[in-house]
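Here is the structure we will look at.
The values are calculated or read from the model by the stated rules, or taken from the named source; none is laboratory data. Predicted model only: the values in this text are computed from it and were never measured. All Cβ positions, glycine included, derive from the backbone under ideal geometry; neighbour counts span all protein chains shown. For accessibility, only protein heavy atoms count, side chains too; no ligands or nucleic acids. Shrake-Rupley method; radii C 1.70, N 1.55, O 1.52, S 1.80 Å.
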Amino acid sequence: QLLLALAWPWHRPAVTLDFAGGRVFPLGGAFDPRVLLPACAIALLLIEIVLLWRKRRLPALPLLLALAALLPVSNLLVPTASFIGERFLYLPFAGVALAAAVAWEMAGACLASRPAARGAGWGGAWIAAAGLIVICAVTAAARAGEWKSEEAIARAWSARFPNEPMVWNRLGLAALEGNDPEGAREHFQRSLALDPDNTPVNLRLGMVLSRLGRWAEAVAPLGRAVGLEPSDPEPRIALSRAYLSLGRAADAVREAEAAYALRPALPAARQALGSALFENGRYVEAAGMYRLLVGDEPQSALLRHGLILSLDKAGRHDDAEAEAREAARRIPDSPIFDLWCARFAARAGRTDEAFPRLREARDSGGPVGRWLHEVQDLLPLRDDPRARDLAGPAR
């Protein structure tokens with residue numbers, strides 16, 4: 001199939017070129033036609049090279065290059081594995097093209113040595129050369145569009161190799177890059193229909209379904225990815241998030257704990273476990289995870305908010321207030337931490353401390369007027385005259 005593609009690039013194999021590379025011996029054995037026929041072709045080419053070499057003919061050298069480059073895709077050493085073996089044809093084709101050029105030059109020299117045929121011979125040669133150039137130019141122009149983007153390449157491959165799962169995986173990745181998650185879902189599903197045990201594609205499908213909000217559907221491919229690669233924390237993290245979105249907090253904790261056990265230093269594993277523990281009501285443990293994450297990313301407002309909220313839910317209000325003060329000091333442009341400080345001050349009856357904090361939050365863009373009516377800790381401050389001033393825009 002690949003040798004035929006050398007001479008006829010539009011050739012489309014009738015069957016997939018995936019030859020089950022897991023077999024110990026290439027393909028079906030030494031007498032498998034897919035081994036025997038390439039062996040015969042290689043043998044004939046080798047005989048031709050030996051004959052040319054013995055006659056000191058120059059085409060022997062480029063043909064030797066073609067022979068050496070054809071061996072990796074001959075199925076004699078290892079299975080070709082997939083259509084990607086077509087890429088190995090670039091070097092063999094270079095050898096064939098060089099051999100053709102040498103033969104063309106030799107033919108021209110032969111014609112030039114015959115005065116009677118000199119004019120007619122070269123005229124026909126130039127006509128043939130011009131025709132070949134036109135054919136190559138038209139062919140190159142017709143296929144140039146296949147290389148304009150990653151998606152165009154993948155679509156061209158899918159037309160030639162519809163039974164190759166990697167083609168549909170590449171199309172799915174191209175769709176993701178084009179911000180088309182629905183298209184990516186279709187391509188990943190088609191890839192998995194051909195190769196259901198592909199861990200990365202199962203993971204990608206699950207993550208795309210999660211992105212689309214189809215959490216219940218995401219559980220199946222993510223669970224399969226976990227089963228195929230139990231030592232990889234990434235599928236477990238994605239599965240934990242899907243469970244969390246479905247309200248299955250206990251299942252989310254199980255997967256997040258397994259991911260954390262595999263890679264304790266992985267920030268994504270820590271964050272997944274922190275979120276799962278919080279939703280499961282295990283606030284002290286969640287605070288421990290968020291504290292580790294804050295140590296890695298001290299400027300992350302989201303992680304510091306998670307730490308403060310976990311400590312507050314756990315009843316450790318003094319620790320939560322201390323973290324709120326530290327966060328407000330480190331990230332002064334975030335109004336949420338001034339809000340936290342104001343809440344703790346209002347709870348303790350420290351009104352004179354709460355209002356300056358709320359003013360700082362308003363000046364940082366926080367909707368203090370809405371907070372005064374919605375946040376339970378701030379409700380006692382609404383009747384204070386200073387609250388009316390805070391309800392307006394920042395000065």
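The condition of being open to solvent by 60 Å² or more (accessible area, probe 1.4 Å) and closer than 30 Å to Ala269 by Cβ holds for only one of Leu302, Leu311, that being Leu302.
Among residues that are crowded, with 19+ Cβ neighbours inside 10 Å and either in a loop (DSSP other than H, G, I, E, B) or polar (S, T, N, Q) (or both), Asn179 is not included. Could you list, in sequence order, the residues of segment 235-274 that are assigned to a helix (DSSP H, G or I), under 14 Å from Val219 (Cβ atoms) and among the basic types (Lys, Arg)? Answer for segment 235-274, where residues must be assigned to a helix (DSSP H, G or I), under 14 Å from Val219 (Cβ atoms) and among the basic types (Lys, Arg): Arg236, Arg241, Arg254. Close contacts from segment 221-235, counting a first residue that is farther than 19 Å from Arg185 by Cβ and at pLDDT 95 or above and a second that is among the small types (Gly, Ala, Ser) and assigned to a helix (DSSP H, G or I), with Cβ to Cβ under 7 Å and a gap of 6+ residues or different chains, come to Pro233/Ala259; Pro233/Ala269. Taking helices (runs of 4 or more DSSP H) as the structural unit, those lying wholly within segment 309-395 and holding at least 1 residues that are acidic (Asp, Glu) and under 48 Å from the mean Cα position of the chain (by Cα) correspond to 317-330, 335-347, 351-363, 368-374. Condition check for Asp18 on (1) out of contact with any Ser or Thr (no Cβ under 6 Å at 6 or more places or on another chain); (2) modelled with pLDDT under 60; (3) open to solvent by 30 Å² or more (accessible area, probe 1.4 Å): one failure, at (1).
Taking segment 63-89 as the range and being within 22 Å of Arg170 (Cα to Cα) and either assigned to a loop (DSSP other than H, G, I, E, B) or at pLDDT 70 or above (or both) as the test, the residues that pass are Thr80, Ala81, Ser82.
Residue count for segment 336-389, restricted to those that are open to solvent by 80 Å² or more (accessible area, probe 1.4 Å) and either of a type in the set (A, V, I, L, M, F, W, C) or under 20 Å from Leu307 (Cβ atoms) (or both): 1.
The one condition from (1) over 15 Å from Leu239 (Cβ atoms); (2) open to solvent by less than 60 Å² (accessible area, probe 1.4 Å); (3) of a type in the set (Asp, Glu) that Glu285 does not meet is (2).
The set of residues from segment 182-225 being over 23 Å from Leu246 (Cβ atoms), in a helix (DSSP H, G or I) and open to solvent by less than 50 Å² (accessible area, probe 1.4 Å) comprises Gly183, His187, Ser191. Residue count for segment 325-365 under the criterion of being within 15 Å of Ala301 (Cβ to Cβ) and of a type in the set (Ser, Thr, Tyr): the result is 2.
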